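Novice: A single structure is presented below for examination.
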Amino acid sequence: HHHEGPRRVKRAWVIPPISVSENHKRIPHLLVQIKSDKQQPGGVIYSIKGPGVDEEPLGIFSIDKFSGKVFLNAMLDREENDRFRLKAFALDLGGVTLEDPTDLEIIVVDQNDNRPLFRHDVFTGHVVEGAEPGTCVLTVDATDADDPDTDNAAVRYSILEQGSAAMFSINITTGEICTAQPGLDRETVGVYNLTVQAADMSGDGLTTTATAVIYLEDINDNPPEFTKEEFSMEVEEEAVGVDVGKVFVHDKDLAGSPNWLAKFTILEGDPEGAFMIRTDPYTNDGVLSVAKPLDHEVRDRFELTLSVQNERPLEPVAAASPRALATVRVQVRDVNEAPVFRENPRRRPPPAPSAFGFPGSQPKRGAPRVDGMTPPCPHSYALLYDPADWLQLDPRSGTVRTKRELLHPSAFLQGGRYIALVLARDDAEPPLSATGTLSIEILEVNDHAPVLQPTAAVVCGRPGRGGNVLLGATDSDRPPHGAPFHFQLSPQHPQLARNWSITRFNGEATPASTCSSPHPDAGYPNHQPPPATPSDPLPRSQPSQHPVSHSAPSLMLTLPLPAVLVVLRAAWARGRQRALRKGLLQSSRDDMRDNILNYDEQGGGEEDQDAYDINQLRHPELFLSRVKPPVRRDTPLSSATPLPPRKLPNSPSDIKDFINEGLEVADGDPSVPPYDTALIYDYEGSGSVASALSSIISSLTDEDQDYDYLSEWGPRFRRLADLYG
């Protein structure tokens, strides 16, 4: 068999890659010629297709269809297209394919036609002042559009300019900038501007530049310092809250930062705390102001020692400042002040002898003299208010005198004091004044004797019993020289004690009672009744010629007083028992209440023998129209004036207090009957089946009561039945 070896590929139709430099300017430029040996020359038609021919970008490449020459028709840019892949075709004149299509690759060779480009025109970094060498601050970087596999894109970095001292360095391949030397001081150089360069071809090709700005961050390495050691200021006295002046400081640290902000302290010279100091946040100066009123007359100058420091502590590397202390001398200027009364209002006892001094105002000062001393500023006094025209005031000395005696009581007294107003005014221009209150206490003396009231009275009695009269007293003096009073029978007439007795009612009145029926020599007409004496350490008494008329009844009882009591008691008991047996209480015309007598004591006369008049019940309208309401004898009050109606409680929770107040008012009201008095409500006719309930009216003893019925009330009353049954 004939062995057919492998088919040989024609070299003419296999086209190797073709390289062409970018930016080639001689156009058209022959790139390659392709051939096919299928036909004789002139019998083949050649063509190419692909990007740069019939695809975008169009018209870059072309071919001679008869010779097969491929031409470059435009400049190439590797950064846009680094290679082109085309297809080549060979046809006979009839259009029949002679060869299979073959690849035609055109490679664009790079040229160093692009400079490196920094990512930013300005790079910014920060580093604290005093940073150690080797402290990295920032990194700059640049790119190159050329072929990265060639030196055309090999970029190298450098610092072209950074000032006189080379404080920073840069890594040539990475572009990292770091500190190179110690001694970075923000107060010396706060900002560094570096010019950095990037170059391709490993530093020998095209170059470009950028700026690197490095800011030094502040630390508190500089203490604040006073601009001078002594400051002088002036301020007016009595001014509070005003600024006296400023103390100036300087701090090299960053203005407005806590490392710069100053804090002031008053160390010495102001133990009373009259001054305060604050920091001006804009200027950082200390502002000294007055915290308490200053008085030139007390202290006219201050010498203060101030210290200053930062809000934030100093760094250990900072050195202490010798100017952290300063002295401030403050002069207190004198001003004309209004007069000031040392005691306002001033309370004085009664003047003796009719004159006393009024301390007007503390010394005032006028304008400073040449020698620095200030003379006293004169002032004058005047009465602004003297309602009774009772006082006389010396306009220069302030001495107050009385013109005449001020009688007491007087409408011009307020709580026993006489009030006047005094004006003090200085002679400055313009004048200043002050008003003071003078309160003069009028002491009460016992210069009035009490006067008995009423001046005349009529005492009526019945056989075997006396009468009484209620005596009162008044005194023009004020306590303690007035009420309460002490009443007694005149010691110059001892015979009065046989027929009269005195019983204390309250501090202002007392009943005088006859002890028995009048005697012809009892001396009733034109006798001297009991004098009243105020109960003070030096009492004054006033015996009064007190005429008392006594209407003697036709029947005169001569029995001894105990015998009269026994007879009356027996007669009353027998009459009441007969009335109970015969049932005469309903029709009896006599009301047994008319026969009840009150006996308080025996021996020397009995007091309070008043019987309860039945006419008060039978004709109350007549009795009330001419007789004053009964006065209680057990009340401590001294006036029978009815009290105003009380205000009703606002809520149920106040009802307890309302009731208790009502009880206290009733207990102390002298216009209501005593506790143990039969209360008179109204008269409902004579006679009653029921007995009286009052323990005073009822005279039955325990022996007269029958308690046997208690045993019929059940076990709950068994104990009472055992005691009384």
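The values are calculated or read from the model by the stated rules, or taken from the named source; none is laboratory data. None of the values given here were measured: they were computed from a predicted structure. Cβ coordinates were reconstructed from backbone atoms using ideal geometry, including for glycine residues, and neighbour counts include every protein chain displayed. The protein model used for the area step is the full one, side chains on, heavy atoms only, and it has no ligands, DNA or RNA in it. Shrake-Rupley method; radii C 1.70, N 1.55, O 1.52, S 1.80 Å.
Novice: Checking residue 298 against (1) more than 30 Å from residue 219 (Cβ to Cβ); (2) surrounded by 16 or more Cβ atoms within 10 Å (Cβ to Cβ); (3) not polar (S, T, N, Q), only one condition comes out false. Which one?
Specialist: Of (1) more than 30 Å from residue 219 (Cβ to Cβ); (2) surrounded by 16 or more Cβ atoms within 10 Å (Cβ to Cβ); (3) not polar (S, T, N, Q), only one is false for residue 298: (2).
Novice: So, one more: Within segment 166-264, which strands (runs of 3 or more DSSP E) (wholly inside it) include 1 or more residues that are polar (S, T, N, Q)?
Specialist: 168-170, 176-179, 191-199, 207-217, 230-236
Novice: Looking at (1) modelled with pLDDT of 90 or more; (2) not assigned by the TED database to the domain that holds residue 204; (3) not hydrophobic (A, V, I, L, M, F, W, C), which is the one condition that is false for residue 129?
Specialist: Evaluating residue 129 over (1) modelled with pLDDT of 90 or more; (2) not assigned by the TED database to the domain that holds residue 204; (3) not hydrophobic (A, V, I, L, M, F, W, C) leaves (2) as the failure.
Novice: Evaluate the following for residue 345: is it farther than 29 Å from residue 416 by Cβ and either open to solvent by 50 Å² or more (accessible area, probe 1.4 Å) or modelled with pLDDT of 75 or more (or both)? If you could, list the steps in order and put the result at the bottom.
Specialist: Details: farther than 29 Å from residue 416 by Cβ: no; either open to solvent by 50 Å² or more (accessible area, probe 1.4 Å) or modelled with pLDDT of 75 or more (or both): yes.
No; evaluated as a whole, the condition is false for this residue.
Novice: Kindly evaluate residue 340 against the criterion of being modelled with pLDDT of 65 or more and of a type in the set (Val, Ile, Thr). Show your work before the answer.
Specialist: Working: modelled with pLDDT of 65 or more: yes; of a type in the set (Val, Ile, Thr): yes.
Yes: the conditions hold for residue 340.
Novice: For segment 149-191, give me the residue count where each residue is small (Gly, Ala, Ser) and touching a Leu at 6+ places or on another chain (Cβ under 8 Å).
Specialist: Qualifying residue count, segment 149-191: 1.
Novice: Moving on to the next point. So which residues in segment 396-416 are under 42 Å from the mean Cα position of the chain (by Cα) and surrounded by fewer than 16 Cβ atoms within 10 Å (Cβ to Cβ), if there are any at all?
Specialist: 414, 415, 416
Novice: Find the strands (runs of 3 or more DSSP E) located wholly in segment 430-505 whose residues include 3 or more that are open to solvent by 20 Å² or more (accessible area, probe 1.4 Å), and list them.
Specialist: Values: elements: 433-441, 451-453, 457-460, 468-474, 485-487, 500-502.
In segment 430-505, the matching strands (runs of 3 or more DSSP E) lie at 433-441, 468-474.
Novice: Would you confirm whether any residue within segment 277-293 is open to solvent by 60 Å² or more (accessible area, probe 1.4 Å), outside the structural domain of residue 178 (by the TED database), in contact with a Ser or Thr (Cβ under 6 Å, 6 or more places away or on another chain) and outside any loop (DSSP other than H, G, I, E, B)?
Specialist: Within segment 277-293 (the criterion being open to solvent by 60 Å² or more (accessible area, probe 1.4 Å), outside the structural domain of residue 178 (by the TED database), in contact with a Ser or Thr (Cβ under 6 Å, 6 or more places away or on another chain) and outside any loop (DSSP other than H, G, I, E, B)), the answer is no, since none of the residues qualifies.
Novice: Say we look at segment 155-188 and pick out the residues that are among the small types (Gly, Ala, Ser) and surrounded by 14 or more Cβ atoms within 10 Å (Cβ to Cβ); which of these is farthest from residue 212 (Cα to Cα)? Reasoning before the result, please.
Specialist: Here is the first cut: in segment 155-188, the ones among the small types (Gly, Ala, Ser) are 158, 163-166, 169, 175, 180, 183.
Narrowing the set further to residues that are surrounded by 14 or more Cβ atoms within 10 Å (Cβ to Cβ) leaves 158, 169, 175, 180.
Details: 158: 12, 169: 12, 175: 11, 180: 15 Å.
Here the residue is 180.
For every residue, the table says whether it meets (1) in contact with a helix residue (DSSP H, G or I) (Cβ under 6 Å, 6 or more places away or on another chain); (2) on the phi > 0 side of the Ramachandran plot; (3) open to solvent by less than 30 Å² (accessible area, probe 1.4 Å).
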position: 192; (1), (2), (3): no, no, yes
position: 195; (1), (2), (3): no, no, no
position: 210; (1), (2), (3): no, no, yes
position: 220; (1), (2), (3): no, no, yes
position: 224; (1), (2), (3): no, no, yes
position: 232; (1), (2), (3): no, no, no
position: 238; (1), (2), (3): no, yes, no
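Novice: Search segment 321-336 for residues that are under 16 Å from residue 289 (Cβ atoms) and open to solvent by less than 50 Å² (accessible area, probe 1.4 Å) and pair each with any residue that is of a type in the set (Phe, Trp, Tyr) and not in a loop (DSSP other than H, G, I, E, B) when their beta-carbon atoms are under 7 Å apart and the residues are at least 6 apart or on different chains.
Specialist: From residues that are under 16 Å from residue 289 (Cβ atoms) and open to solvent by less than 50 Å² (accessible area, probe 1.4 Å), the pairs are 328/231; 330/302.
Novice: From the residues in segment 70-88 that are open to solvent by 30 Å² or more (accessible area, probe 1.4 Å) and farther than 24 Å from residue 112 by Cβ, which one is farthest from the chain's Cα centre (by Cα)?
Specialist: 71
Novice: Kindly state which strands (runs of 3 or more DSSP E) lie completely within segment 11-69 and contain at least 1 residues that are open to solvent by less than 50 Å² (accessible area, probe 1.4 Å), within 21 Å of residue 95 (Cα to Cα) and at pLDDT 90 or above.
Specialist: 44-49, 61-63
Novice: How many of the residues in segment 295-311 are in contact (Cβ under 8 Å) with a residue 60 or more places away in the chain and touching a Pro at 6+ places or on another chain (Cβ under 9 Å)?
Specialist: The number of residues fulfilling the criteria is 4.
Novice: Here is a further query. Inside segment 135-154, can you point out the residues that are under 13 Å from residue 118 (Cβ atoms) and either open to solvent by less than 20 Å² (accessible area, probe 1.4 Å) or assigned to a strand (DSSP E or B) (or both)?
Specialist: Answer for segment 135-154, where residues must be under 13 Å from residue 118 (Cβ atoms) and either open to solvent by less than 20 Å² (accessible area, probe 1.4 Å) or assigned to a strand (DSSP E or B) (or both): 138, 139, 140, 142, 143.
Novice: Given 115, 119, which one is closer than 24 Å to residue 21 by Cβ, open to solvent by 70 Å² or more (accessible area, probe 1.4 Å) and of a type in the set (Lys, Arg)?
Specialist: 115
Novice: Mind checking which residues of segment 248-269 are exposed (fewer than 15 other Cβ atoms within 10 Å of the Cβ) and in contact (Cβ under 8 Å) with a residue 40 or more places away in the chain?
Specialist: Within segment 248-269, 258, 265, 267 qualify.
Novice: Sort out which residues of segment 321-337 are touching a Phe, Trp or Tyr at 6+ places or on another chain (Cβ under 8 Å) and modelled with pLDDT of 85 or more, and write them in order of number.
Specialist: 324, 325, 326, 327, 328, 329, 330, 332
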